[in-house]
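Heads up: the structure comes next, in structure tokens.
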Amino acid sequence: MQMSDQKEIAADPATVYAALLSPEVLKACVPGAQEVTGTPEDGFEATVTQKVGPVKATFKGQVGLSDMVENEKLTISGEGKGGAAGFAKGGAVVTLAPSEGGTLLSYDVEAKVGGKLAQLGSRIIDGFAKKMADQFFANLQAHLGPQDPGGDGDAPGGEGNDEKKGWFSKVTGRG
């Protein structure tokens, strides 16, 4: 499977680059991520649970970073195993460029799947990959902070992730 796209992120390239290297940000942004640990130098280990068509699995895998040019480019490569569901492995070249709205992030992904996942067919896999990428970038934008000055007035001064935490604390009374 191959996929390329561009996304406009309302933050400067240095902020976006730093976010892509942070395990805490990755855990908050990768759909289904239960755990992300490690460092950009040594690589990350991740546990992600996802449902692809009728197949639901928890993938455990490693992600490495290379060809890193600060605030401009990086190459991501990884492999995850989901037991009987199969495996996924691949890589992405990510480039960042300043734009009027903040940063234009471009990516080219090449990935392979095997096991039960491969039996689902390329249309389902490709649709799932596109959905995952779109959700990741929506989460990244939300994490970097809402840039809409016409918001609801409760814009936090902290992490920019308070919208997700807000409903939980309202329901449970915990922060």
ask   = Excluding V93 itself, what net charge comes from residues whose Cβ is under 14 Å from its Cβ, given Lys and Arg +1 and Asp and Glu -1?
value = -4
ask   = FRET efficiency for T47 and L21, Cβ-Cβ distance as r, R0 = 25 Å, nearest 0.05?
value = 0.85
note = If the chain between T75 and K56 were fully extended at 0.36 nm per residue, the gain over the current Cα-Cα distance would be 4.1 nm
remark   = Output row, site M68, 7 Å Cα→C-beta label point, backbone N cut-off 15 Å, window the stretch 9-30, residues 14-26
note = Once normalised by the length of the stretch 2-147, the mean sequence separation of its alpha carbon contacts under 8 Å that are 6 or more apart gives a contact order in percent of 27 percent
ask   = Can you list the residues, at least 5 places off or on another chain, whose amide H is less than 5 Å from the amide H of S99, using H built in the peptide plane?
value = L104
request  = Could you calculate the FRET efficiency of R123 with S4 from 1/(1 + (r/R0)^6), where r is the beta carbon distance between them and R0 is 25 Å, rounded to 0.05?
outcome  = 0.90
request  = Compute the FRET efficiency between T39 and E100 as 1/(1 + (r/R0)^6), taking r as their Cβ-Cβ distance and R0 = 35 Å, and round to the nearest 0.05.
outcome  = 0.60
Per-selection metrics, the stretch 2-147 (Cα): Rg and Dmax in Å = 14.9, 46
remark   = Phi-derived 3J(HN,Hα) across the stretch 60-73 with the Karplus relation (6.51, -1.76, 1.60, θ = phi - 60°), rounded Hz, x for Gly and Pro, is 10, x, 10, 10, x, 10, 8, 6, 7, 10, 3, 6, 10, 7
task = Enumerate the amide H contacts of G115 below 5 Å, restricted to partners 5 or more residues apart or on another chain; note that Pro and chain-start residues carry no placed amide H.
result = F87
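Every number here is computed from the coordinates shown, using simple stated rules; none is lab data. These numbers were taken from a predicted model, which means no experiment stands behind them. In this analysis, Cβ positions are derived from the backbone assuming ideal geometry, glycine residues included, and neighbour counts consider all displayed protein chains.
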